[in-house]
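Below: the structure, in structure tokens.
Every number in this text was worked out from the coordinates using simple rules, so none of it is lab data. Everything numeric in this text was worked out from a predicted model, so none of it was measured. All Cβ positions, even for glycine, are placed from backbone atoms using ideal geometry, and neighbour counts span all protein chains on display.
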Amino acid sequence: MGKSVKVAAVQAAPVFLDREATIEKTLGLIEQAAAGGAQLIVFPEVFISGYPFWLWGDQPAVIPGLEQKAFARLWEEGVDVPGPVTDQLGEAARLAGAYIMIGVNERESSFGRGTLYNSLLTFSPDGELVGHRRKLVPTYKERTVWGAGDGSTLELVETPFGRIAGMICWENFMPIARYHAYAQGASIYVAVTMDDSPSWLAMMQAIAAEARIFVVAVCQQFGRAQFPNEPALSGFKPDDDHLVSGNSVIVAPGGEIIAGPVKGDETILTADLDLGQVVEQKHSLDVTGHYARPDVFRLTVNTKPNLPFETA
């Protein structure tokens, strides 16, 4: 655990509802982060190819049927896992010599199903897809867009510099889900999100203090002015430009912020993480070790895939 790793948190906007243009932008950002020496490069929630902002505006009153049409566009620009997009991202990770974590709208077109999933993919430096995580509970109105994940995608990613947990947005407010990640031995905790609120930043510091691990929280910086003629963004007030402003942050074990937050700009935050700090900090608090009481509290996790049918 005395190893160190350089991480990069990419705070940027996708090319909204345009998979190919977003991939092109993504590849350029990966090259930029890798040129700075990053060994772990993290992109925001559903970076390919955008978040369903229309859920939070008044679009149904503006354009009848907009939600259905926007969903169909989001599905059309979605990502098959595995598929051509994962091949491209894997090759980018290989060329960068880095781990890449990126949020995508995942579809299952090969099965003929119309459900989308809010997923977090992880690629290794040899180009392999080594992590495939689906958000357990889409938040509130998001349930009209994304299906729910299951326990089969909860495993951490094993790397030479420790185990990496990946959590998606408000899953981070689920104490038992967090605890399960801690209990698997995470030393780096990645939280991809669309939440740029002060309470979110406080939660990231609380997680780092609670688990005594590094936290890398990455959010999009998305302004409507970038897409002035986009119907799916038409239901907001004229002065609602920054639908999400970033506030990405990197936090050390114990809760000290070591990079960010940055608000209102696209940027790449970087930090060198000394993994030895994880062990040092757990001397006083290890919530799944010497500060746990498994004789009193017990966690059971169902790791089976939740398939739509079973074969007898």
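Over the range 4-282, one equal point on each Cα, no solvent: what is log10 I(q)/I(0) by the Debye formula at q = 0.09, 0.11, 0.14, 0.16 Å⁻¹? Relative scattering, expressed as log10 I(q)/I(0), comes to -0.38, -0.57, -0.94, -1.25. Of the GluC sites (Glu not before Pro) in the range 238-308, the ones in a loop by DSSP (not H, G, I, E or B) with at most 12 other beta carbons within 10 Å are Glu256. Using C-alpha pairs under 8 Å with a sequence gap of at least 6, the mean separation divided by the residue count of the chain gives a relative contact order of 21 percent.
Rounded to the nearest whole Hz, the Karplus-based 3J(HN,Hα) values (6.51 cos²θ - 1.76 cosθ + 1.60, θ = phi - 60°) of the range 223-236 follow the sequence x, 5, 4, 5, 9, x, 10, 8, x, 5, 10, 7, x, 10, with x at glycine and proline.
Given the peptides 179-186, 295-302, 115-122, arrange them by the average over their residues of other C-beta atoms within 10 Å, most packed first. Walk me through the numbers on the way to the answer.
Working: 179-186: 18.8, 295-302: 8.0, 115-122: 24.5.
For the peptides 179-186, 295-302, 115-122, the packing ranking is 115-122, 179-186, 295-302.
Between Gly103, Val216, Phe173, the Cα set farthest toward the positive side of the dipole of the chain (charges on each charged residue's Cβ, about the Cα centre) is that of Phe173. With a simple spin-label model that places each label point 7 Å from the Cα along the Cα-to-Cβ direction, the separation between Lys263 and Leu27 comes to 3.6 nm. What angle, in degrees between 0 and 90 and rounded to the nearest 10, separates the Cα long axis of helix 19-35 from the longest principal axis of the Cα atoms of the chain? Long axis of 19-35 versus the principal axis of the chain: about 30 degrees. Each part reduced to its alpha carbon centroid, the range 255-273 and the range 274-312 end up 27 Å apart. Measuring between their Cα centroids, the range 196-242 and the range 19-50 lie 17 Å from each other.
Taking R0 as 30 Å, what FRET efficiency do you get between Asn302 and Arg113 from their Cβ-Cβ distance, rounded to the nearest 0.05? Intermediate values should be presented prior to the final figure.
Values: r = 22 Å, r/R0 = 0.72.
Efficiency, from the Cβ-Cβ distance: 0.90.
Normalised Debye scattering of the range 223-312 at q = 0.17, 0.19, 0.21 Å⁻¹ gives log10 I(q)/I(0) of -0.88, -0.93, -1.02, counting only Cα atoms as equal scatterers and leaving out solvent. Using only the C-alpha atoms, the convex hull of the range 56-212 corresponds to 128 Å³ per residue.
Between helix 84-96 and the chain, what is the angle of the helix's C-alpha long axis to the longest principal axis, kept within 0 to 90° and rounded to the nearest 10? Roughly 50 degrees, rounded to the nearest 10. Here's the list of lysines a cross-link from Lys69 could span, going by alpha-carbon distance under 18 Å and ignoring same-chain residues fewer than 8 apart: Lys141. For the chain, the longest principal axis of the alpha carbon atoms and the long axis of helix 66-76 meet at an angle near 60°. Look at where the Cα atoms of the range 84-124 and of the range 145-185 average out, and the two centres are 17 Å apart. Between Met174 and Thr144, the modelled label-to-label distance comes to 2.2 nm, taking each label 7 Å out from Cα in the direction of the beta carbon.
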